1. Considering region 149-187 alone, what residues qualify as being hydroxyl-bearing (Ser, Thr, Tyr) and buried (at least 20 other Cβ atoms within 10 Å of the Cβ)?
2. Look at residue 161 and say whether it is part of a helix (DSSP H, G or I) and under 16 Å from residue 128 (Cβ atoms).
3. So residue 105 clears everything in (1) assigned to a helix (DSSP H, G or I); (2) at pLDDT 85 or above except one condition, right? Which one?
4. Pick out the one residue from 108, 112, 138, 144 that is under 24 Å from residue 91 (Cβ atoms) and in contact with a Leu (Cβ under 7 Å, 6 or more places away or on another chain).
5. Just to be sure, is residue 256 part of a strand (DSSP E or B), of a type outside the set (A, V, I, L, M) and within 27 Å of residue 123 (Cα to Cα)?
6. Residues to consider are 192, 150, 172; find the one that is under 22 Å from residue 103 (Cβ atoms) and not in a helix (DSSP H, G or I).
7. Let me confirm something: among 195, 207, 213, 190, which residue is surrounded by 13 or more Cβ atoms within 10 Å (Cβ to Cβ), among the aliphatic types (A, V, I, L, M) and more than 16 Å from the chain's Cα centre (by Cα)?
8. Report whether or not residue 183 is in a loop (DSSP other than H, G, I, E, B), out of contact with any Lys or Arg (no Cβ under 7 Å at 6 or more places or on another chain) and either in contact (Cβ under 8 Å) with a residue 24 or more places away in the chain or on the phi > 0 side of the Ramachandran plot (or both).
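The values are calculated or read from the model by the stated rules, or taken from the named source; none is laboratory data. Being a predicted model, the structure only gives us computed values, none of them experimental. Backbone-built Cβ (ideal geometry, glycine too); neighbour counts: all protein chains shown.
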Amino acid sequence: MRVVVSTGWFAMWGTLAVILSAPACSAPKAAPSEAPPTIASPARASAATPSEAPSPSTAGSQTPAATTAAAIRYVAIGASDSVGVGASDPARGSWPSRVAALLPAGAVYMNVGVAGSLALQAEREQLPGAIAQHPTLVTVWLAVNDLNATIEPAAYAGALGAIVDGLARGTTATIFVGNVPDLRPVPAYAGTDKARLLGAITAYNDAIAGIAAQHPTRVVVVDLFTGSAALVSSATVSSDGFHPSDVGYSLIADRFAAAMRAKGVPLRG
């Protein structure tokens with residue numbers, strides 16, 4: 001598997017004006033089942049240049065053909081979880097890297113995540129670079145920073161919808177969008193109004209579901225909410241009390257991988 005990581009290391013943290021002040025999102029240590037891939041030096045996502053030239057893709061929102069092992073080009077759009085903030089091995093420990101380690105030989109993986117990114121920022125900074133890679137598979141997990149910054153659900157939906165619409169028009173990729181986990185037991189939210197927090201999470205997750213419903217053949221919601229509260233512990237949350245630990249990011253990767261397998265993506269394991 002060819003790996004090209006293009007990560008923007010901007011330590012910008014989400015702000016909880018009403019709920020709480022908290023950081024962005026992070027990742028775990030992976031154990032690839034193949035020889036360690038070559039990883040490019042980190043660079044700003046919007047200026048990324050992959051180490052191999054992709055074949056031109058067909059633009060449009062048509063249903064993509066079945067993904068073959070040789071054709072898989074995986075791009076991850078996201079925030080600090082995508083770049084591995086808090087992981088014991090950031091380059092290999094992010095959940096996208098764990099998913100990428102399951103791809104068949106010959107697949108290409110590119111991470112354009114930017115730590116601390118809001119959805120609106122990702123539309124400007126990450127979307128163009130993602131489309132330029134002609135991906136056949138895209139993951140998008142952008143929500144918690146917006147929620148922490150108390151971005152209104154409608155504004156968040158507009159920004160996330162623009163990313164999904166852009167990917168649907170500009171690529172033939174199948175798009176997997178993660179929703180918001182149940183953050184109530186997470187230590188960083190200990191002093192928050194739990195009912196209000198749950199209301200915000202529910203509104204965001206409804207927005208994500210609505211966006212996916214507009215592209216039923218192209219977009220899959222990865223449910224990170226159901227059952228997530230029971231998984232929160234000192235083993236799954238890192239020492240900062242906010243980002244998942246290596247164990248936590250392994251669980252996140254498992255959920256994305258399960259959704260991909262259900263959609264026919266040929267992952268190993």
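1. Initial filter on region 149-187 (hydroxyl-bearing (Ser, Thr, Tyr)): 150, 156, 171-172, 174.
Once the filter is applied, which keeps residues that are hydroxyl-bearing (Ser, Thr, Tyr) and buried (at least 20 other Cβ atoms within 10 Å of the Cβ), region 149-187 yields 156, 171, 172, 174.
2. Working: part of a helix (DSSP H, G or I): yes; under 16 Å from residue 128 (Cβ atoms): no.
So residue 161 fails the test.
3. The single condition residue 105 does not satisfy is (1).
4. Details: 108 fails: in contact with a Leu (Cβ under 7 Å, 6 or more places away or on another chain); 112 fails: in contact with a Leu (Cβ under 7 Å, 6 or more places away or on another chain); 144 fails: in contact with a Leu (Cβ under 7 Å, 6 or more places away or on another chain).
Of the residues listed, the single one that is under 24 Å from residue 91 (Cβ atoms) and in contact with a Leu (Cβ under 7 Å, 6 or more places away or on another chain) is 138.
5. Working: part of a strand (DSSP E or B): no; of a type outside the set (A, V, I, L, M): yes; within 27 Å of residue 123 (Cα to Cα): yes.
Against the criterion (part of a strand (DSSP E or B), of a type outside the set (A, V, I, L, M) and within 27 Å of residue 123 (Cα to Cα)), residue 256 does not qualify.
6. Values: 192 fails: under 22 Å from residue 103 (Cβ atoms); 150 fails: under 22 Å from residue 103 (Cβ atoms).
Result of the check over 192, 150, 172: 172.
7. Working: 195 fails: surrounded by 13 or more Cβ atoms within 10 Å (Cβ to Cβ); 213 fails: surrounded by 13 or more Cβ atoms within 10 Å (Cβ to Cβ); 190 fails: surrounded by 13 or more Cβ atoms within 10 Å (Cβ to Cβ).
Of 195, 207, 213, 190, the one residue that is surrounded by 13 or more Cβ atoms within 10 Å (Cβ to Cβ), among the aliphatic types (A, V, I, L, M) and more than 16 Å from the chain's Cα centre (by Cα) is 207.
8. Values: in a loop (DSSP other than H, G, I, E, B): yes; out of contact with any Lys or Arg (no Cβ under 7 Å at 6 or more places or on another chain): yes; either in contact (Cβ under 8 Å) with a residue 24 or more places away in the chain or on the phi > 0 side of the Ramachandran plot (or both): yes.
For residue 183, the condition - in a loop (DSSP other than H, G, I, E, B), out of contact with any Lys or Arg (no Cβ under 7 Å at 6 or more places or on another chain) and either in contact (Cβ under 8 Å) with a residue 24 or more places away in the chain or on the phi > 0 side of the Ramachandran plot (or both) - is met.
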